[in-house]
Every structure is written in structure tokens, then in C-alpha cells.
1. On a full-extension model of 0.36 nm per residue, what is the gain between residue 111 and residue 199, subtracting their alpha-carbon distance, rounded to one decimal in nm?
2. Among 150, 42, which comes first, second and so on when ranked by fewest other beta-carbon atoms within 10 Å?
3. Among 122, 86, 270, which one shows the highest mean-square fluctuation when the chain is modelled as a Gaussian network with alpha-carbon springs under 10 Å?
4. Given the options 179, 310, 38, which has the most mean-square fluctuation in a GNM of the chain, springs set between C-alpha atoms less than 10 angstrom apart?
5. Relative to the longest principal Cα axis of the chain, at what angle does helix 308-322 sit, 0 to 90 degrees, rounded to 10?
6. Could you tell me how many degrees, from 0 to 90 and to the nearest 10, lie between the Cα long axis of helix 74-88 and the main elongation axis, the longest principal axis, of the Cα atoms of the chain?
7. Between residue 281 and residue 321, how many nm apart are label points set 7 Å from Cα along the C-beta direction?
8. Given labels modelled 7 Å from the Cα in the Cβ direction, how far is it in nm from residue 191 to residue 247?
Ligand SMILES: Cc1cc2nc3c(=O)[nH]c(=O)nc-3n(C[C@H](O)[C@H](O)[C@H](O)COP(=O)(O)OP(=O)(O)OC[C@H]3O[C@@H](n4cnc5c(N)ncnc54)[C@H](O)[C@@H]3O)c2cc1C
């Protein structure tokens, strides 16, 4: 029988909806080849979660353990998955298109010397697999033909509506003690710290972001002041993180965060496509830039053509004055 093997990463926070979408895609693929959908999990809570996974079309759950593996480890997970691939002989291994899904699947594909097609929206199995997938941070849909009978796939987040597909046969759960070499056990999460309470860059209604035009790490002080007055957060472009002015966790864009605040204030940011894809869902964009021809100025709802170091302190002073502080 042709099987589809799916990695369920239920350890990530808020994973339920993403998992249900992935299982819907997996069940759809399994139906195309009259096969079964077999899941891999590293989650010790899998017995509690198994019922919900079965309702989304999972036939078999493989629970993988190793004494060295207490938490996430991309190479270790990949090595475990490859061991199950040799047992189950699936026609594809799939995961969700999260950072972790991509990291693990890239390792699986490298070990198996298989092609990895990431961020798929829909896939048709066959001698030559066909896929539609997101590219360029979602601004391009690419049609792909895969010259392999065994592709490794990830599905873009929110690529489909979830549907239930209850299976008539009883769900099987099989535990496997996997073997790990010292190389693959090198990158394993050993400790977690709690995220501080409160809003984040992704949830804040206002983001004041700075680019190379801010000029230095200290130059961000004026953005911090304005963000605080607006109860917002500070973001930045990659030019800024490349310069070491701010941490990568503040970066907006293709290789940073995708945000959708009510107000995005882009200060000294040119608006390169890789930045724009992270900010374009903002409801209102104000660009502050010395260059009237900058992309960000052209795309923004409002623009101020001026030196940010004059404008931002003036705006902050005015807010303070109006607040009567
Ligand atoms: C694969 C890949 C992934 C990438 N991912 C990302 C990503 O996730 N996020 C991201 O941001 N970039 C990303 N980039 C980089 C991106 O292409 C741009 O290089 C980057 O966004 C430019 O940053 P910037 O706008 O801050 O700098 P610049 O393009 O140098 O723009 C600086 C702007 O500041 C203005 N300025 C200068 N002085 C002032 C002043 N005093 N007051 C007001 N305005 C001023 C200038 O007019 C200019 O418009 C990626 C690139 C690649 C190849």
C-alpha cells in the first residue's frame, strides 16, 4: 500500500489548527493513492491527542523516543523520521510549513537525498508529482513538477480548510526507541524560558520600525520613546540586524516576522520586497523617509519626507504635550 508519512509537531504552542490543516492535506494525498496516513510524533501526550488526529484521517501513529531526546532537535527528529521511512516505505513525508517543519524536513530530504518542496498549497501525487506552492514570502504562486517519485513536502500555513475524515479501522499506536548518533543529538533544546507577559511584535496594534536610515543602535532611542507613548513595539529591517543594531527577534520581513498592526510607522526603511512582505498586512502605513522615491513612501498610506531624527522627537513631544504630561 502507498503510505503518506506526516510529522505532527504538537509541541509547538497553538498547534491544533495547524495540525488539523496539515492532516487534511495528508488525508487528501493518501486518498489520491488509496493509501494510509501514518503520523510521526515525539510528543509524550500523543495518547490524549490521538483521538483528534484519527478524526482527521490518521491510521497509524508512530511515537518516537530516545533517552537523549527530551525536547526539539532538528537533526535528531530527522534521523528518527528516516528510521520510520525505512520501516513504512511511504511515497512522501510531509510536515507543516512552520520554521520547525522546514528545519526538520530539510534535514530529512538531505539524509534521503530527496527533493524538498516547501510551502505547498496543493499537491497531486504521481510518477511526477505536481505542486502549487508559495514563493517569495507569499507574493508568488509557483507551479512545480517534481522529477522524483519520493518528494519531501511541507504545506504552507492555512493552505486549506480543515475537514474531518474518520477512518473505519481502529487507530494503531506504535512506540519506537530510535537510534541517534552523537552528531544528530548535537542540536537539542535543553532549556526553555517563559516568554514575558504582554504584547509582542506580532500582536502589537502599533509598530514603530526603523531601518538603515536610523543610523545606529543608539538612534533607536527615539523610536523606543515614540513606541512607548503609542503603547507599541519597535521593529526593524534586516539592514539593522545585519549591522548588529538590534536583535533578529525585532526583524520584520521575509526572514523576520510577518505582522499586521493597525499602524506601522516605517522610519528610514526603503521598502525592499523582502521587508514589504512582512509589513504589507498592516492596516495603515506611515513612512518617514528623506527619499520621496523610496518604495515604502510610494506604498504607504501616509508619508512624511523628512529626516526621521527631526520628525520622531517632534511627534513624541506633541503626544506628550497633548497628554498633558
Ligand atoms: C533572501 C533575502 C531575505 C531578506 N529578508 C529580509 C527581511 O526579512 N527583512 C528586511 O527588512 N530585509 C530583508 N532582506 C534585505 C532587503 O532586501 C533590504 O536590503 C533591506 O530591507 C534594506 O533595509 P533598509 O530599508 O533598512 O535599508 P536601505 O535599503 O538602505 O534603506 C534605508 C532608507 O533610509 C532612508 N533614510 C536614510 N537616512 C534617513 C533619515 N535620516 N531619515 C529618514 N529616512 C532616511 C533612505 O532614503 C532609504 O530609503 C532580505 C534580503 C534577501 C536577499
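Derivation of every value follows stated rules applied to the coordinates shown; laboratory data play no part. Here the structure is a predicted model, which is why all the values come from computation and not from measurement. As a convention, Cβ positions derive from the backbone with ideal geometry for all residues, glycine included, and neighbour counts pool all protein chains shown.
1. 27.7 nm
2. Lowest to highest Cβ neighbour count: 150, 42.
3. Ranking 122, 86, 270 by mean-square fluctuation puts 86 first.
4. The residue with the greatest mean-square fluctuation here is 310.
5. 80 degrees
6. 30 degrees
7. Placing both labels 7 Å beyond Cα along the Cβ direction yields 3.8 nm.
8. So the two model labels end up 1.5 nm from each other.
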